[in-house]
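Take a look at the structure set out below.
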Amino acid sequence: MSRLHPTAVIFSGFFLLGNLIILWGMLLPDMAKNLQMAPAISGAFFSLMSAGTIIGAVIGGKYVQKFHFLRLFALLAISETLLLLLLSLVHSWQLLLPLILLVGLTYSIMFTIGHTLIARLFANKRAAMMGLMDFMFSLGTLTAPLWVVMLYWWLDDWRWPVRIIALCLLLVGLYSWWVAQLQPVLAPARSNSGQSLSYVAVLRQPLFFIMLLVMIGYGAAEWGQGNWFVSYAVDGLGYQAESARLLLAWFTGGMVLSRLGFALLLRWLQPGQLMLLLGSCALAGALLLMLTQGYVPVALGNLALGLGIGGLFPLMLSTAMDLDADNGPVLSGLASIGTSIGFQFAGLATGVWAQHSGIAQAFWLVPLACGWLLVMLWLFSRMLQRRRLV
C-alpha cells in the first residue's frame, strides 16, 4: 500500500487547519467591531469553539476507527467548507456563536483522524512523522499572518480570509475522496473496527491522566497566545494591527522550527528531559512578553514561547502512543480534549479578565499557563521514568 497520497492528504489538511485555528485571533478585532462583540462575547466565541473541539475529540477518539479514515476526512472537510461559508455571511454575533461551535467540532474530528492515521502508517518512525505532521500545522499558523496582511492590502474585510480557507478545504476534501477511492483497503484495524474505545480505561492509568493535565496547560498557553496576542499588542502595547500580526509570526515561526527539529534532539535527550527543556523555554518567553514592550524583545519572547510550545504536542502524543499504540485514537482524542479545555479556559478567562482590568493585565494568563505546564511536565517526566524502570 502506498503511503504517499494518504500522507499528502493529511499533511495538506493539517496545513489548512493550522491556518484556520490561528485565523480567529488575527481577525478578532475586526470581527468584534463589525459584529459589535464585547470582550466577554469574544471570550465566549473562543470558549464555544473549544467546546466544539472537546465534543469532536470525544466522538473522534471513540468512533473514527469504525470508518474509512480518508472518506470520513473528505466528508468532514467538505462539511467544514459549508460551515465556514455560512459563517462568512453572518451579520450578528448571535448567529456566529453556534456556527463556531460546529466549526470546532468538525476540525477536532479531522485532527484526531490525522494523528491516528499517520501514527499507524509510520509506526516505526512515529515521533518524527507526527512531528512533521504538526510541523505542517504550525507552518499553516506561520503563513496565515503573512497572507492575511497581504490580503488586507486589497480586501479590508475579515470575511474574505474565511472564504479562502473554505475553498482550500473543499479542494483537500475532494483530493481525500479521490485517494480513498484509489485505496479502498485503507481502513481501520480489524481488531478495532467493531467496537468503540474507552476513555475511562485510559484515564485510570496515572501517566495518561497527567498527560491530560499537561495538555490543559499547553492549550491555555498556545491558544491564549495565538488568539489574544494581536489584541494585547494593539490595545495593551500600542502597536498597529499589521505590526501586531507580524509579531505573532515570530511565535508561529518558533513553533514551526520546534516541530521540525525536536526529533533531532531525541538523539541526545530522553523524551522527559526534552519536555522539561521545552517547557522552560516557553515560560521564559512568556515572561519576556509581559516584562518588555520594545519590538525586538517582544519578537524574541514570541520566538522563545513558540520554540518551547511547538514540539510539545507531537512529542507528548508520540511518547504516549509508543506506550499504548492500540488506544491511539483515544490518546489523540485525550490530547485534543486537554488542549481544548485549556483553550476554552484561556478564551473565556482572558475575555472576562480583559473586560474588568484590560487586556494588558489579562494577558498574564499566558505565563501563568506556562508555569502550570512546566509543573505538569515535571510530574509526567518523573512518572514516565518510573514506568520505564519497571
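The smallest convex shape that holds all Cα atoms of the chain, its convex hull, gives 123 Å³ per residue. Stretching Q181 away from S198 to a fully extended chain increases their span by 3.1 nm, per 0.36 nm per residue minus the current alpha-carbon distance.
Computed on the range 16-123, with alpha-carbon pairs under 8 angstrom and 6+ residues apart, the relative contact order is 41 percent. Helix content alone sets the calculated 222 nm mean residue ellipticity of the chain: runs of n ≥ 4 DSSP H residues at -39500 (n - 2.57) each, divided across all residues, give -29000 deg cm²/dmol. What the range 57-185 shows is 40 Å² of accessible area per residue, with the surface traced by a 1.4 Å probe over protein heavy atoms.
Result for the chain in a Gaussian network model with C-alpha springs under 10 Å: among L246, L89, L276, the largest mean-square fluctuation is at L89. In this structure F343 has an accessible area near 10 Å², from a 1.4 Å probe over the protein heavy atoms.
Taking 8 Å as the Cα distance limit and 6 or more residues as the minimum spacing, I'd like the relative contact order of the chain as a percentage. Please list the in-between numbers first.
Working: 667 pairs, mean separation 111.1, N = 390.
For the chain, the relative contact order is 28 percent.
Expressed as a whole percentage, what fraction of the accessible surface of the range 276-387 belongs to carbon and sulfur atoms when a 1.4 Å probe is rolled over the protein heavy atoms? Roughly 68 percent, rounded to a whole number.
If you run the Gaussian network model on the chain, springs between alpha carbon atoms under 10 Å, then out of Y107, Y218, Y295 the most flexible one is Y295.
Between rounded, prolate and oblate, where does the range 17-59 land on the alpha carbon gyration tensor, with a ≥ b ≥ c its root eigenvalues, rounded for a/c under 1.5, else prolate if a/b exceeds b/c? Oblate is the answer for the range 17-59, as a/c is 1.5 or above yet b/c matches or exceeds a/b.
Just so you know, the Cα atoms of the range 206-279 work out to an Rg and Dmax of 15.6, 46 Å. When each of the peptides 109-118, 314-323, 129-138 is scored by how many other beta carbons lie within 10 Å of its residues on average, the order from highest to lowest is 109-118, 129-138, 314-323. Just check the range 295-370 against the gyration tensor rule for me: Cα atoms, a ≥ b ≥ c as the square roots of the eigenvalues, rounded for a/c under 1.5, and otherwise prolate or oblate depending on whether a/b exceeds b/c. It comes out oblate by the Cα gyration axes.
Computed extension length for L323-A38: 98.1 nm, one decimal, from 0.36 nm per residue of separation with the Cα-Cα distance subtracted. With a cut-off of 8 Å between alpha carbons and a minimum separation of six or more residues, what is the relative contact order of the range 225-362 in percent? Result for the range 225-362 is 28 percent.
Note on the chain: GNM, Cα springs under 10 Å; of R204, R259, R71, the largest mean-square fluctuation is that of R204.
When the residues K62, K33, K125 are ordered by accessible surface, computed with a 1.4 Å probe over the protein chains alone, the sequence from largest down reads K33, K125, K62. Against the criterion of solvent-accessible heavy-atom surface with a 1.4 angstrom probe, W154, W223, W147 sort, most first, into W154, W147, W223.
The values are calculated or read from the model by the stated rules, or taken from the named source; none is laboratory data. Given the structure is predicted, the values throughout are model-derived calculations rather than measurements. As a convention, Cβ positions derive from the backbone with ideal geometry for all residues, glycine included, and neighbour counts pool all protein chains shown. With ligands, DNA and RNA removed, areas are computed over all heavy atoms of the protein, side chains included. Shrake-Rupley method; radii C 1.70, N 1.55, O 1.52, S 1.80 Å.
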